[in-house]
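What follows is a short report on a single structure.
The values are calculated or read from the model by the stated rules, or taken from the named source; none is laboratory data. Everything numeric in this text was worked out from a predicted model, so none of it was measured. Here Cβ is always computed from backbone atoms with ideal geometry, including for glycine, and neighbour counts include all displayed protein chains. SASA here: full protein model, heavy atoms, side chains in, ligands and nucleic acids out. Shrake-Rupley method; radii C 1.70, N 1.55, O 1.52, S 1.80 Å.
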Amino acid sequence: MIALRSVLFNTIFYANLIIRMIVLSPYYFVVPRKIAYAIPKNWARSNHWLMRVIVGTTFEIEGLENLPGDSYILAPKHQSFWDTYALLPWLNDPVYILKRELMWIPLFGWYAKKQRMIPVDRGARGKVMVEVLKRTKDELSTGRQLIIYPEGTRRPPGAEPVYKYGIARMYRDLGIPVVPVAMHPGLFWPRRSIRRYPGHFKVRILPPIMPGMDPDAFFAQLIEVSERASDELLLETVERNPHLPLPPTAIERLAELRKLNAATV
């Protein structure tokens, strides 16, 4: 049944994306940008409904009160495609820094351009990165929220963290709070897999790290608070969903955590 539900969900998920983009394009590209943002936000909500009804996967969000009222950097753990869109309905006006190749995709790239997403060549240096920072500052000056995945790419649950120092530079140069987010959607929507698994998990929004710290101290604190919360949620999620097939990284990390917990009792 999991295989059948996974195929059904994936089929409807991508059909939902393509059909909405095509049918709603006339409205999306005519109305003001902020009003048009309701379309991707409603698409995200519809995906949550599809996951719940077809797959049987639900989630809850803790810590929404930790989101600052003004501009900030949201720094989530990145495990699957799910977390690229899942929080959109709870954010006011988020902006992403995207791989420039994504902007070349028909329809998707046009939608992203409308929302003034910021394309970047991952191998770029010097003047290009200066221009990216300038564009980011311009967008944030209007009260937007920047979403950055500190590890840069998707990592399987329980994997050893590999944080990129770029977020520390952004923290220093932008001078705004950074809000870490811990979650394990990769247990239910694994990367590089078509299978989707039922169950329930939490998204934990942590207290913001306020601007003004030394970048190295900030970087160390971001890793420490993010990984501590991630470990806590990994234990909690697996205990609540014992049926889940775990990746080797999660099995190894769980063994380490349980050993540490037993040693402290």
Open item on the list: The conditions are (1) among the hydrophobic types (A, V, I, L, M, F, W, C); (2) touching a residue at least 12 places away in the same chain (Cβ under 8 Å); (3) open to solvent by 70 Å² or more (accessible area, probe 1.4 Å), and A36 fails exactly one of them. Which is it?
Closed with: (3)
Open item on the list: Tell me whether the range 148-163 contains one or more residues that are touching a helix residue (DSSP H, G or I) at 6+ places or on another chain (Cβ under 9 Å) and either farther than 28 Å from L235 by Cβ or open to solvent by 70 Å² or more (accessible area, probe 1.4 Å) (or both).
Closed with: yes
Open item on the list: I'd like to verify a number: residues in the range 8-31 that are among the β-branched types (V, I, T), surrounded by 14 or more Cβ atoms within 10 Å (Cβ to Cβ) and in contact (Cβ under 8 Å) with a residue 12 or more places away in the chain, how many?
Closed with: 1
- [ ] Would you mind telling me which numbered condition in (1) free of Cβ contacts under 8 Å to residues at least 24 places away in the same chain; (2) in contact with a strand residue (DSSP E or B) (Cβ under 6 Å, 6 or more places away or on another chain); (3) closer than 12 Å to Y149 by Cα R100 fails?
- [x] (3)
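Quick one: count up the residues across the range 207-249 that are open to solvent by 20 Å² or more (accessible area, probe 1.4 Å) and hydrophobic (A, V, I, L, M, F, W, C). I'd like the intermediate steps shown before the answer.
Taking the range 207-249 and keeping what is open to solvent by 20 Å² or more (accessible area, probe 1.4 Å), we get 207-208, 210-217, 219-221, 223-225, 227-228, 231-232, 235-236, 239-240, 242-243, 245-249.
Pick out the ones that are also hydrophobic (A, V, I, L, M, F, W, C) and you get 210, 213, 217, 219-220, 223, 225, 235, 246.
So the answer is 9.
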Open item on the list: With the requirement that a residue be open to solvent by less than 40 Å² (accessible area, probe 1.4 Å) and at pLDDT below 90, what does the range 94-129 give you?
Closed with: L98, V120, A124
